[in-house]
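Everything below concerns the one structure shown next.
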Amino acid sequence: MKELLSLKQKEVLRFIRRKITEDNFPPTIREIAGHFHFSSTGTVRDYLGILAKKGYLKLKKQKARAIELVEDIFKIPLLGRVNAGSPQIAEQDIEGYLEPDEFLKSTGDLFALRVKGDSMVDAGIIEGDLVVVRRQPQAQNGEIVVAIIGDEATVKFFKKINKGLFLFPANKKYKPIAYSESTAILGRVIRVLRKYV
């Protein structure tokens, strides 16, 4: 997993990506310095060195536009389906990638799953939605999580009641699932994406 970036490092990386997307080639060191009002190109070289060291881009020597983004660094893998009814296996085969720029503001390891079922409809999560998940092993009371029960995955509210832990649906048709030794949190849902046809 790549090292996390500071806010300014993310801004520099985002600018480089935008220029590559818009112009089909990377910005020069002077263009980066001018955009961020850096007093010298040495500051830009320092940022580029850090981004390269952390694995976010490659630098080619002896070229005016010597910056190359590492493939897929901005893409969030879509790993398959997660059930919002009874738990269902979340296949690890990557179906595709998401590339929303706003997720650069997030830190951590992100992945996405497509929702199947109706147990989270009262929370505004319906079948066919994509949930973007920050991979983490713990959650706070009341957060929506993707959890593994055995080798099956489900999206639910994580709730602490008295001394017990539960996975709660947002649909009265379904019952809470008690936390057990075979239960583990994969991550916290940070976004729900829906495509309107």
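The values are calculated or read from the model by the stated rules, or taken from the named source; none is laboratory data. For clarity, every value in this text was computed on a predicted model and none was experimentally measured. Cβ atoms come from the backbone with ideal geometry, glycine included; neighbour counts cover every protein chain shown.
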Step by step: first the residues of the stretch 104-120, then only those that are at pLDDT below 85 and surrounded by 18 or more Cβ atoms within 10 Å (Cβ to Cβ), then the one that is nearest to R194 (Cα to Cα). Which residue is that? F111
Residues of the stretch 135-172 satisfying the condition of being surrounded by 19 or more Cβ atoms within 10 Å (Cβ to Cβ) and of a type in the set (K, R): K156
For K156, work out the one condition from (1) in contact (Cβ under 8 Å) with a residue 24 or more places away in the chain; (2) outside any strand (DSSP E or B) it doesn't fulfil. (2)
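Just checking, how many residues over the stretch 173-191 are surrounded by 17 or more Cβ atoms within 10 Å (Cβ to Cβ) and modelled with pLDDT under 90?
Going residue by residue through the stretch 173-191, those that are surrounded by 17 or more Cβ atoms within 10 Å (Cβ to Cβ) are 174, 177, 179, 183, 185-189, 191.
Okay, now just the ones that are also modelled with pLDDT under 90, so 191.
The total comes to 1.
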